[in-house]
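The values are calculated or read from the model by the stated rules, or taken from the named source; none is laboratory data. Everything numeric here is computed off the predicted structure, so don't read it as measured data. Cβ: placed from backbone, ideal geometry, glycine included. Neighbour counts: every protein chain shown.
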Amino acid sequence: MKDKFDALNIRKGHKKSIVALAHKMLRTIYAMLASGTHYQDKSVDYEALSVARNAPRWIKMLRKHGFIADTAAA
(Lines give C-alpha, C1' and ligand atoms only; values in the text may rest on other atoms or scores of the structure.)
Protein backbone atom coordinates (compact mmCIF):
# COMPACT_ATOMS: atom_id res chain seq x y z
CA MET A 1 0.00 0.00 0.00
CA LYS A 2 2.88 2.35 0.75
CA ASP A 3 4.17 2.12 -2.82
CA LYS A 4 0.72 2.89 -4.20
CA PHE A 5 0.35 5.84 -1.84
CA ASP A 6 3.73 7.28 -2.83
CA ALA A 7 2.91 6.99 -6.52
CA LEU A 8 -0.47 8.68 -6.05
CA ASN A 9 0.94 11.31 -3.72
CA ILE A 10 3.27 12.61 -6.41
CA ARG A 11 0.48 12.93 -8.98
CA LYS A 12 -2.58 13.87 -6.92
CA GLY A 13 -1.44 15.22 -3.59
CA HIS A 14 -1.72 14.00 -0.01
CA LYS A 15 -5.47 14.25 0.66
CA LYS A 16 -6.59 12.77 -2.67
CA SER A 17 -4.09 9.93 -2.26
CA ILE A 18 -5.57 9.04 1.13
CA VAL A 19 -9.11 8.99 -0.31
CA ALA A 20 -7.99 6.91 -3.31
CA LEU A 21 -6.31 4.35 -1.06
CA ALA A 22 -9.33 4.22 1.24
CA HIS A 23 -11.51 3.54 -1.81
CA LYS A 24 -9.15 0.78 -2.97
CA MET A 25 -9.20 -0.80 0.49
CA LEU A 26 -13.01 -0.70 0.64
CA ARG A 27 -13.27 -2.38 -2.78
CA THR A 28 -10.81 -5.07 -1.67
CA ILE A 29 -12.68 -5.69 1.60
CA TYR A 30 -16.02 -5.87 -0.20
CA ALA A 31 -14.64 -8.38 -2.71
CA MET A 32 -13.22 -10.50 0.12
CA LEU A 33 -16.52 -10.49 2.01
CA ALA A 34 -18.54 -11.20 -1.13
CA SER A 35 -16.40 -14.17 -2.17
CA GLY A 36 -15.61 -15.41 1.35
CA THR A 37 -11.84 -15.50 0.79
CA HIS A 38 -8.88 -14.26 2.83
CA TYR A 39 -6.60 -11.43 1.77
CA GLN A 40 -3.34 -12.48 0.14
CA ASP A 41 -0.76 -9.86 -0.63
CA LYS A 42 0.54 -10.29 -4.19
CA SER A 43 4.07 -9.30 -3.20
CA VAL A 44 4.41 -12.11 -0.61
CA ASP A 45 5.16 -15.70 -1.63
CA TYR A 46 2.99 -17.55 0.89
CA GLU A 47 3.96 -20.97 -0.46
CA ALA A 48 7.68 -20.31 0.16
CA LEU A 49 6.89 -19.10 3.69
CA SER A 50 4.90 -22.26 4.37
CA VAL A 51 7.69 -24.49 3.08
CA ALA A 52 10.35 -22.64 5.10
CA ARG A 53 8.26 -22.93 8.26
CA ASN A 54 7.31 -26.61 7.81
CA ALA A 55 10.40 -28.12 6.11
CA PRO A 56 12.22 -29.07 9.33
CA ARG A 57 9.14 -30.92 10.60
CA TRP A 58 8.66 -32.69 7.24
CA ILE A 59 12.30 -33.80 7.15
CA LYS A 60 12.09 -35.05 10.74
CA MET A 61 9.02 -37.14 9.89
CA LEU A 62 10.67 -38.56 6.73
CA ARG A 63 13.69 -39.60 8.80
CA LYS A 64 11.44 -41.10 11.48
CA HIS A 65 9.62 -43.28 8.94
CA GLY A 66 12.80 -44.31 7.13
CA PHE A 67 12.42 -42.45 3.86
CA ILE A 68 15.65 -40.51 4.46
CA ALA A 69 18.74 -42.23 5.80
CA ASP A 70 19.91 -40.72 9.07
CA THR A 71 23.46 -39.43 8.44
CA ALA A 72 24.35 -39.30 12.15
CA ALA A 73 23.81 -43.07 12.57
CA ALA A 74 25.92 -43.97 9.52
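For this structure, a couple of remarks:
- Scope the range 18-74; condition at pLDDT below 90, among the β-branched types (Val, Ile, Thr) and exposed (fewer than 10 other Cβ atoms within 10 Å of the Cβ); matching residues: VAL44, THR71
- Every pair of residues 6+ apart whose Cβ atoms lie under 8 Å, when the first sits in the range 44-70 and is under 25 Å from MET1 (Cβ atoms) while the second is of a type in the set (S, T, N, Q) and outside any helix (DSSP H, G or I): TYR46/GLN40
- Matching residues, the range 29-73, being touching a Ser or Thr at 6+ places or on another chain (Cβ under 9 Å) and in a helix (DSSP H, G or I): ALA31
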